[in-house]
Amino acid sequence: MKDRMMSVSENQYEKISILLKALPFNTLFARAVLESKALGKVFVDDINNPNSIFIAHDYGMSLLFGDTENAKFNLNLKKYLLN
């Protein structure tokens, strides 16, 4: 279901890891979450074909990448962040 913000379980992190590796900047904290070396949460707009991805490290660092103009995902992300 596109545009929703869905939590990703650890057994689904590999698909996100592949997308993360394509980024041209330091993503070490996000990789640590995806490799289960650090606690955090991962959210996507679509589990099967993620386009909007948000990774939050338990120590406060976060990364939004992919389709950052996804209005519905961003609205759900805003609600999540304000809670």
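A few comments on the model shown:
- Among the residues of the range 33-49, those identified as in contact with an Asp or Glu (Cβ under 9 Å, 6 or more places away or on another chain), under 12 Å from GLU14 (Cα atoms) and of a type outside the set (Ser, Thr, Tyr) are VAL33, LEU34, VAL42.
- Positions within the range 1-38 being among the small types (Gly, Ala, Ser) and farther than 13 Å from PRO50 by Cα, in sequence order: SER9, ALA22, ALA30, ALA32, SER36, ALA38
- Here LEU75 meets each of (1) without any contact (Cβ under 8 Å) to a residue 40 or more places away in the chain; (2) of a type outside the set (Lys, Arg); (3) farther than 12 Å from MET5 by Cβ with one exception, condition (3).
- Complete set of residues in the range 48-66 that are within 18 Å of ILE18 (Cα to Cα) and over 11 Å from the mean Cα position of the chain (by Cα): ASN48, ASN49
- Some residue of the range 14-32 being touching an Asp or Glu at 6+ places or on another chain (Cβ under 7 Å) and modelled with pLDDT under 95: no
- Helices (runs of 4 or more DSSP H) (entirely within the chain) containing at least 3 residues that are aliphatic (A, V, I, L, M) and exposed (fewer than 14 other Cβ atoms within 10 Å of the Cβ): 71-82
The values are calculated or read from the model by the stated rules, or taken from the named source; none is laboratory data. Values in this document were obtained by computation on a predicted structure and should not be read as measured data. Cβ sites come from the backbone with ideal geometry, for glycine too, and all protein chains shown count toward neighbours.
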